1. Over the Cα atoms of the stretch 36-79, Rg to Rh with Kirkwood Rh, two decimal places?
2. Ranked from highest to lowest mean number of other Cβ atoms within 10 Å per residue, what is the order of the peptides 67-79, 109-121?
3. Kirkwood hydrodynamic radius of the chain from all distinct Cα pairs, in Å?
4. Using all C-alpha to C-alpha distances in the stretch 71-130, build P(r) with 10 Å bins and read off the rounded percent in each one.
5. Calculate how steeply helix 44-58 sits against the longest principal axis of the alpha-carbon atoms of the chain, using the helix alpha-carbon long axis, and give the answer as 0 to 90 degrees to the nearest 10.
6. Sorted by packing (mean other beta-carbon atoms within 10 Å per residue), highest first, where do 159-169, 19-29 land?
7. What percent does the relative contact order of the stretch 84-159 come to when contacts are Cα pairs within less than 8 Å and at least six residues apart?
8. Just need the relative contact order of the chain here, percent rounded to a whole number, with Cα pairs under 8 Å and 6+ apart.
Ligand code: HEM
């Protein structure tokens, strides 16, 4: 993944737990990169190693790290570094979610070697939609939950997120029902 992702993980840790904690986490992860460059792609393994090391260092489940990072990505990285893009995504939560399938098209203009997620929106109701998440990557189900929670917070909208389907023998993607 592009360095911006690893950099955001670094910022999340430093802002909340300080520089020393980040150094311990990096050491534990075995990732030997001094400085992540935002617009350079890195091996996905680095991102997973960092997330795993945070879970171990903090003694919390990996799922919690991913949820926390998803929220941070929307509320801090998205809003502070790509405010205009996030705002263009929609005037309210429902609009943003309905636009989600094309959201990363614009990101690809900045990051041409992106391997983006794919989203499909179905069952659009007054107060809920179903978000279908397709990815070439494994294990990011709870990251998406965190992103959706973050979007709820961004729009000051209380949301509940229900996982209706996850990838496995009988399904090739996740489905989240988002209700507000
Ligand atoms: C301005 C805001 C955003 C930027 C700049 C951005 C950019 C990126 C980047 C650079 C990656 C790494 C992929 C790669 O390097 O190949 C990524 C992955 C991802 N993004 Fe975004 N993104 C943004 C907002 C969102 C939002 C709002 C969502 C969904 C609610 C989202 C969902 C994801 C997911 C799930 C992945 C993991 C990739 C995968 O599943 O394969 N992103 N994004």
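No value in this document is a laboratory result; all are computed from the given coordinates. As the structure is a prediction and not an experimental result, all values here were calculated from the model. All Cβ positions, even for glycine, are placed from backbone atoms using ideal geometry, and neighbour counts span all protein chains on display.
1. Values: Rg = 11.6 Å, Rh = 11.5 Å.
With Rh from the inverse mean 1/r over Cα pairs, Rg/Rh is 1.01.
2. Numbers: 67-79: 19.9, 109-121: 14.0.
By packing density, highest mean first, the sequence is 67-79, 109-121.
3. Numbers: mean 1/r = 0.0589 Å⁻¹.
One decimal place: 17.0 Å for the Kirkwood radius.
4. P(r) for the stretch 71-130, in whole percents per bin: 21, 51, 26, 2.
5. 80 degrees
6. Values: 159-169: 12.3, 19-29: 15.7.
So the order, starting with the most tightly packed, is 19-29, 159-169.
7. Working: 57 pairs, mean separation 18.4, N = 76.
For the stretch 84-159, the relative contact order is 24 percent.
8. Working: 245 pairs, mean separation 36.1, N = 180.
It rounds to 20 percent for the chain.
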